[in-house]
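Reviewing the structure listed below.
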């Protein structure tokens, strides 16, 4: 599938700055099933391999798919190095409250998994923002990098790397994938501490499915598995891929994702009876 040209949502953030968020919203032909919302990983975009594969699958299933780029990502306004978890969570909430219609399933990859969990926690806590969101019928997390700024970045950095961040305001972290280094800013680390979920438990309002590779060098499978101790309830499932890496974008990984999606649909349907 060739991605259509994006539309734009104008968002004013907490600092009064206006930015255009690029999104692609494919409407449903079958309105009986929940729509899908794709949440990207860090420094990824809505035209990534998995997002495009999900778009093809959604089109074949005649269901809606909303995908978008956080500020500083892809085709949205802003600079990546200015971004924080709070900023990207705010982008997500703005998109959710303005664009999709009807119940939705969030599909979050890597950092997008953390964002999805923060949305679930806001609903579980009945935060004021929750009243403005569509019903979240289910969540699928792919290698969810929850609390990544603290657990997977700061706590894993050497003393010299931590000192570099404190001295210069950033650290250029090498990528496992041959891309340019990721700039990890002090602002990103400090803001992330306002959004950690690991210190308490909560009951998500919907089924949650996790797809995780055991060979993932960025999000250890043990980290993903800890969600079973954070999320309360009996409709939480973790699927481990023994030879899976972080991106989980091989054909067999994507096929497994679609199997999980179909199983989740059945769980949602049986729960609504």
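Every number in this text was worked out from the coordinates using simple rules, so none of it is lab data. What you see is a predicted model; the values in this text were computed from it and never measured. Virtual Cβ from ideal backbone geometry, glycine too; neighbours counted across all protein chains shown.
Side notes on the structure shown:
- Simple spin-label estimate for residue 228 and residue 31 in nanometres, 7 Å along Cα-Cβ: 4.0 nm
- For the chain, the antiparallel share of DSSP beta bridges with both residues in that region comes to about 35%.
- GNM top mover of 131, 94, 116 - the chain, alpha-carbon springs below 10 Å: 131
- Inter-label distance, nm, simple model (7 Å from Cα along the C-beta direction), residue 82/residue 270: 4.9 nm
- Antiparallel bridge percentage (DSSP; both residues within region 120-273; nearest 5): 25 percent
- For region 10-271, the spread of Cα coordinates along the three principal axes comes to 54, 44, 35 Å, biggest extent given first.
- Computed over the chain with a Gaussian network model linking Cα atoms closer than 10 Å, the most mobile of 176, 73, 246 is 176.
- Computed from Cα positions, the angle between helix 111-124 and the longest principal axis of the chain comes to roughly 70 degrees.
- Think of it as helices only: each DSSP H run of n ≥ 4 in the chain is worth -39500 (n - 2.57), and spread over all residues that comes to -9500 deg cm²/dmol at 222 nm.
- Between helix 159-168 and the chain: long-axis angle, C-alpha atoms, 0 to 90°, nearest 10: 90 degrees
- Beta-bridge orientation, region 1-90: approximately 75 percent antiparallel, per DSSP, counting only bridges with both partners inside.
- Inter-part distance where region 109-181 and region 1-70 are each reduced to a Cα centre, Å: 19 Å
- Whole-Å distance, taken between Cα centres, linking region 224-248 and region 182-202: 20 Å
- Cα-based helix-to-principal-axis angle, 49-60 vs the chain, degrees rounded to 10: 10 degrees
- Taking only Cα atoms of region 1-86, radius of gyration then Dmax in Å: 13.7, 41
- Top of 150, 186, 263 by mean-square fluctuation, Gaussian network on the chain, Cα under 10 Å: 263
- Note on residue 203 and residue 252: their simple-model spin labels are 3.9 nm apart, each label 7 Å out from Cα toward Cβ.
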